[in-house]
Amino acid sequence: MKGCKLYSVVICLVISSVLTELSAQNAFEMITNNLYFSASNYCIYPDSIISDMTAPPAGKKPFYISHYGRHGSRYLSNRKGYDIPYHVLAKADTLGKLTPKGKEVLHEIKTIREDTEGRWGDLSGLGKQQQRNIARRMVERFPEVFQGNAHVQARSSIVNRCILSMGSVVQQLLAMNPNLRIDIDATKNGMWYLNHQDNYLRSQMTTPITQNAYDKFSALRGRNPRLMQVLFNDSVYVKEQIDEKWLNYYLLKTALVQQNTSLGRNSRLIDYFSYEEIHNFWQCENAWWYFTYGPSPLNGGVQPYTQRYLLRRIIEQADSCIKLPDPGVQLRFGHETVVLPLVCLLGINGFDIQIEDLELLEACGWWACLVFPMASNLQFVFYRQHPKDKDVLVKVLLNERETSLPLPDDLAPYYRWKDFRKYYLRKLDAYEKRSEGKP
């Protein structure tokens, strides 16, 4: 076992620089520089980061883009996250159990709760702007694809925040080229690939093995006795009446999500937490996403296959589109529970790494927050010299940054489409053959 663990550490060290592109910093250092980095799937999109593009091989030009993007910044999807800490603190207040700091936190939660009322899960103004910015940069980087009366097909999950994200992108595209031919739709008919929920794989997410591993990992990280002393003036009351783990979780999650809302960072709830406590929260969230939607071997390493239908559709539609002289763009809008497993299924930047020991996740650079911030997106950009050029290349951008794939890399970050489709279709076929007979 010691040898296996040492081997895992070595593999992690090799891969981590590829995964994070942040080799000079670890997650704790990132959090001390920006507390909101710890927000996991509530991180805001890194709009300020401009990534240089590698020039394509001589003569190759972009001619088609296939895309999948998460909706932009949103409010919490239900009021539970606000109601739980509010009612716990409000009750304690009526009993005289809050400290002056506890009363401040109660007031802060009350303000946030009122601001959020009726907006559960809604796209925020920031979310709309993120989508417009992404669309603008897409046109600026790949003008050949959007010229003239190019065709843009846009499809969205039926969830309102996804539809509005699609609308924001389309609005920006038309502002930059009113001649675009745009076809938009959002119906249940497309949910089988835009937001597929695999009942069998979902039932395998949390097993006794994964739950035990997570409980062990999060046992101390989830508690926050220091914060309880800050909020409450009666330790006996805390011990008998307060669920310390969940109060800490919902207060911190509420604090972190505010960067996405109309309150922005005017809320100071985050100030009541230390860097170590915020880092602990990040670690727990990261581990949870790893075994629920990532390639964790603790539950078979197959959760990324929830997105097998989407990947197959991307490939099949690309095969059709590259036969056209001017195929244009295909845009798809959905959720982080699609983006993360799709990235793992593709093995982008090594995110398909299998790690049994959750304690090694951070050192290995498997940081889910790098994959699925609000408005996260994958852009498959296709290149060729002319419509009759059979040597089609594809480059995959994750959040507008070039990526590496587990394919022949003599042209990386460009890959031959024939290699891409052969590798991934074989991978999908092999899984489906193994899974015959399962629901």
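The values are calculated or read from the model by the stated rules, or taken from the named source; none is laboratory data. The shown structure was predicted, so the numbers you read here are calculated from the model rather than taken from an experiment. Because the Cβ atoms are built from the backbone with ideal geometry, glycine has one as well, and the counts that use them run over all protein chains shown. Surface areas here come from the heavy atoms of the whole protein model, side chains and all, with no ligands, DNA or RNA. Shrake-Rupley method; radii C 1.70, N 1.55, O 1.52, S 1.80 Å.
With a Förster radius of 22 Å, plug the Cβ-Cβ distance of residue 245 and residue 276 into 1/(1 + (r/R0)^6) and report the FRET value to the nearest 0.05.
So, using R0 = 22 Å, E works out to roughly 0.85.
Could you work out the helix-only [θ] at 222 nm for the chain, with each DSSP H run of four or more residues adding -39,500 (n - 2.57) and the total divided by the number of residues, to the nearest 500 deg cm²/dmol?
-14500 deg cm²/dmol
Give the relative contact order (percent, whole number) for the stretch 284-424; include only Cα pairs under 8 Å separated by 6+ residues.
21 percent
May I ask you to list the trypsin sites (Lys or Arg not before Pro) in the stretch 249-283 that are in a DSSP loop and have at most 12 other Cβ atoms within 10 Å of their Cβ?
Loop-located and lightly packed - 268.
What GluC sites (Glu not before Pro) in the stretch 398-439 are in a loop by DSSP, with at most 10 other Cβ atoms within 10 Å of the Cβ? All intermediate terms of the calculation are to be shown ahead of the outcome.
Details: sites: 400, 402, 432, 436; in loops: 400, 436.
Taking the stretch 398-439 and a limit of 10 other Cβ atoms within 10 Å, the loop GluC sites (Glu not before Pro) found are 436.
For the chain, set up a GNM with springs between Cα atoms under 10 Å and report which of 48, 157, 320 has the largest fluctuation.
For the chain, modelled as a Gaussian network with Cα springs under 10 Å, the answer is 48.
Over the chain, with a Gaussian network built from C-alpha contacts below 10 Å, which listed residue (169, 230, 329) shows the highest mean-square fluctuation?
Maximum fluctuation in the GNM of the chain, among the listed residues, is at 230.
Roughly how many nanometres apart are two label points built 7 Å out from the Cα toward the Cβ at residue 419 and residue 26?
3.5 nm
When the chain is fully extended, how far beyond the present Cα-Cα distance does residue 429 get from residue 83, taking 0.36 nm per residue of separation?
Answer, rounded to one decimal: 120.0 nm.
Taking 30 Å as R0, compute the FRET efficiency from the Cβ-Cβ separation of residue 111 and residue 202 and round it to 0.05. Display every interim value, and only then the final one.
Working: r = 36 Å, r/R0 = 1.21.
According to the calculation, E is roughly 0.25.
Name the most mobile residue of 44, 209, 134, meaning the one with the largest mean-square fluctuation, in a Gaussian network model of the chain with Cα contacts below 10 Å.
So, out of 44, 209, 134, the one fluctuating most is 209.
Quick check: pseudo-label points 7 Å beyond the Cα along Cα→Cβ at residue 185 and residue 324, how many nm apart are they?
1.3 nm
Among DSSP beta bridges whose residues both lie in the chain, state the antiparallel percentage, nearest 5.
Taking every DSSP beta bridge within the chain, about 60 percent pair in antiparallel fashion.
Roughly to the nearest percent, how much of the accessible area of the chain is carbon and sulfur, given a 1.4 Å probe?
So the carbon and sulfur contribution to the accessible surface is 53 percent.
Checking the cross-link filter: which lysines have an alpha carbon closer than 25 Å to that of residue 216, excluding same-chain neighbours under 8 positions apart?
Cα-Cα hits under 25 Å: 2, 5, 239, 245, 253.
Compute the relative contact order of the stretch 125-171 as a whole-number percentage, counting only Cα pairs closer than 8 Å that sit 6 or more residues apart in sequence.
Relative contact order for the stretch 125-171 comes out at 56 percent.
Might you tell me the accessible area per residue for the stretch 292-439, computed with a 1.4 Å probe and given in Å²?
35 Å²
Of the labelled options (1) 21.5, 69; (2) 22.9, 78; (3) 24.4, 71, which one gives Rg and Dmax of the Cα atoms in Å as computed for this structure?
Only one listed value fits the structure, namely (2).
Pairs of alpha-carbon atoms within less than 8 angstrom and 6+ residues apart define the contacts here; what relative contact order does the chain have, in percent? Intermediate results must be reported in sequence, preceding the final value.
Numbers: 728 pairs, mean separation 126.1, N = 439.
Averaging sequence separation for qualifying contacts and normalising by length gives 29 percent for the chain.
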